[in-house]
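Each remark here refers to the structure printed beneath this line.
The values are calculated or read from the model by the stated rules, or taken from the named source; none is laboratory data. These numbers come from a predicted model, not from an experiment. Virtual Cβ from ideal backbone geometry, glycine too; neighbours counted across all protein chains shown. Calculation scope for accessible area: heavy atoms of the full protein, side chains included, ligands and nucleic acids excluded. Shrake-Rupley method; radii C 1.70, N 1.55, O 1.52, S 1.80 Å.
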Amino acid sequence: LSSVVLGTNVAVIGSGAFTLCTNLVELTIPDSVRNMEGYAFDQCSSLASVTMGLGVTNIGYYAFSECANLLNAPIGAGVVSIGAYTFQDCRAMTNATIPDSVTSIGDSAFRGCENLAAISIGDGMRYCGIGFRDLPALRSVTIGDGVLGIGDSEFRGCRALQTVTIGNGVTEIGWEAFADCESLSSVVLGTNVAVIGSGAF
């Protein structure tokens, strides 16, 4: 099994539906799918390409965990919620673009993504407290105008991080939010930042 194209009447991909399909390389999810439950494609170690339909609103916890060859985070423009540990240990991943539709991301959703270099967080998030800390390859972060706050220790230990652009909606940056980001050379603060926590930079 190297390629899966789901039928246009599939509405839910159940928990663990394709777990450990280690030969799966390519996946197409139609617009009919609304919900992707936990562990749906967990440990599909060869999965490299995912085309996600506009109907998907929820990506469950561990849904793509340990998909070691996945280059980019497959988040459709209709996704509202991303579960905890969804992309854990996707070690080949280099880019994550969080669309404006996303309002919540679970804890440690990108934990262990050791080659993740660029993150863009859309306007739908209200609070950036999702645990991007200790990502060794992260170099660029862009935070949309819809975000109101950045959590404590959010990007701590991202030692390769060079540039950060913080949107105009952010009013508070938590303590040690960017601590130990020893390569940080450029920070653009939004116009409404009122509180910068202790040791933020």
ask   = Which residues, taken from segment 126-152, are under 19 Å from Ser185 (Cβ atoms), surrounded by fewer than 17 Cβ atoms within 10 Å (Cβ to Cβ) and not hydroxyl-bearing (Ser, Thr, Tyr)?
value = Pro136, Ala137, Arg139
Some residue of segment 40-60 being within 15 Å of Ile130 (Cβ to Cβ) and surrounded by fewer than 22 Cβ atoms within 10 Å (Cβ to Cβ) = no
request  = Test each condition in (1) in contact with a Leu (Cβ under 8 Å, 6 or more places away or on another chain); (2) buried (at least 23 other Cβ atoms within 10 Å of the Cβ); (3) hydroxyl-bearing (Ser, Thr, Tyr) for Thr86 and report the one that comes out false.
outcome  = (1)
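Results for (1) buried (at least 19 other Cβ atoms within 10 Å of the Cβ); (2) part of a strand (DSSP E or B); (3) charged (D, E, K, R), shown as yes or no for each residue.
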| position | (1), (2), (3) |
| --- | --- |
| Glu154 | yes, no, yes |
| Gly157 | no, no, no |
| Ala160 | no, no, no |
| Thr165 | no, yes, no |
| Gly169 | yes, no, no |
| Trp175 | no, no, no |
| Gly190 | no, no, no |
| Ser198 | no, no, no |
| Phe201 | no, no, no |
inquiry  = I'd like to know if segment 46-63 contains one or more residues that are modelled with pLDDT of 95 or more, closer than 25 Å to Ala117 by Cα and β-branched (Val, Ile, Thr).
reply    = yes
note = Note on segment 27-39: residues open to solvent by 40 Å² or more (accessible area, probe 1.4 Å) and closer than 12 Å to Leu6 by Cβ are Thr28, Asp31
ask   = Could we say that Glu114 is in contact with a strand residue (DSSP E or B) (Cβ under 6 Å, 6 or more places away or on another chain), among the acidic types (Asp, Glu) and open to solvent by 60 Å² or more (accessible area, probe 1.4 Å) here?
value = no
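Return yes when Leu20 is at negative phi and either of a type in the set (A, V, I, L, M, F, W, C) or surrounded by fewer than 18 Cβ atoms within 10 Å (Cβ to Cβ) (or both) and no when it is not. Step through it out loud before you land on a result.
Details: at negative phi: no; either of a type in the set (A, V, I, L, M, F, W, C) or surrounded by fewer than 18 Cβ atoms within 10 Å (Cβ to Cβ) (or both): yes.
It is false that Leu20 is at negative phi and either of a type in the set (A, V, I, L, M, F, W, C) or surrounded by fewer than 18 Cβ atoms within 10 Å (Cβ to Cβ) (or both).
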ask   = Can we say Ser108 is in a loop (DSSP other than H, G, I, E, B), open to solvent by 20 Å² or more (accessible area, probe 1.4 Å) and at pLDDT below 95?
value = yes
